[in-house]
1. In this structure, does residue 8 turn out to be exposed (fewer than 12 other Cβ atoms within 10 Å of the Cβ) and either outside any loop (DSSP other than H, G, I, E, B) or not assigned by TED's automatic domain parsing to the domain that holds residue 70 (or both)?
2. Applying the selection to the range 11-28, what residues are in contact (Cβ under 8 Å) with a residue 12 or more places away in the chain and either part of a strand (DSSP E or B) or surrounded by 11 or more Cβ atoms within 10 Å (Cβ to Cβ) (or both)?
3. Out of everything in the range 16-44 that is under 17 Å from the mean Cα position of the chain (by Cα) and modelled with pLDDT of 80 or more, what residue ends up being farthest from residue 58 (Cα to Cα)?
4. Can you pull out every residue in the range 45-74 that is in contact (Cβ under 8 Å) with a residue 12 or more places away in the chain, part of a helix (DSSP H, G or I) and over 11 Å from the mean Cα position of the chain (by Cα)?
Amino acid sequence: MKKDMGGAACTLALAQALMEAKLDIRLRLLIPAVENAVSGNAFRPGDVLQSRKGLTVEIGNTDAEGRLVLGDALAEA
């Protein structure tokens with residue numbers, strides 16, 4: 001998770017540098033960030049979720065939840 005956070009920080013820093021340089025480019029930045037906390041509504045194996053695209057996904061391994069978040073960000077892009 002720390003490497004994920006580092007990647008997001010690098011992306012934000014690059015975006016800030018580009019904005020400060022006032023380059024004539026169009027930039028759209030998506031950082032799929034979520035809270036990683038255990039609660040009553042957390043993912044559990046066997047849960048079925050609907051993606052932004054409308055596809056349903058069964059959770060088989062809760063360690064792979066980042067892939068769902070990434071998939072939603074790619075669908076949004």
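1. On the way: exposed (fewer than 12 other Cβ atoms within 10 Å of the Cβ): no; either outside any loop (DSSP other than H, G, I, E, B) or not assigned by TED's automatic domain parsing to the domain that holds residue 70 (or both): yes.
When the stated conditions are applied, residue 8 does not pass them.
2. Listed by number, the residues that qualify are 11, 12, 15.
3. Filtering the range 16-44 down to residues under 17 Å from the mean Cα position of the chain (by Cα) leaves 28-37, 42-43.
Still in the list and also modelled with pLDDT of 80 or more: 28-33.
On the way: 28: 31, 29: 29, 30: 25, 31: 24, 32: 20, 33: 21 Å.
Here the answer is 28.
4. 62
The values are calculated or read from the model by the stated rules, or taken from the named source; none is laboratory data. All values derive from a computational prediction rather than experimental measurement. Cβ atoms come from the backbone with ideal geometry, glycine included; neighbour counts cover every protein chain shown.
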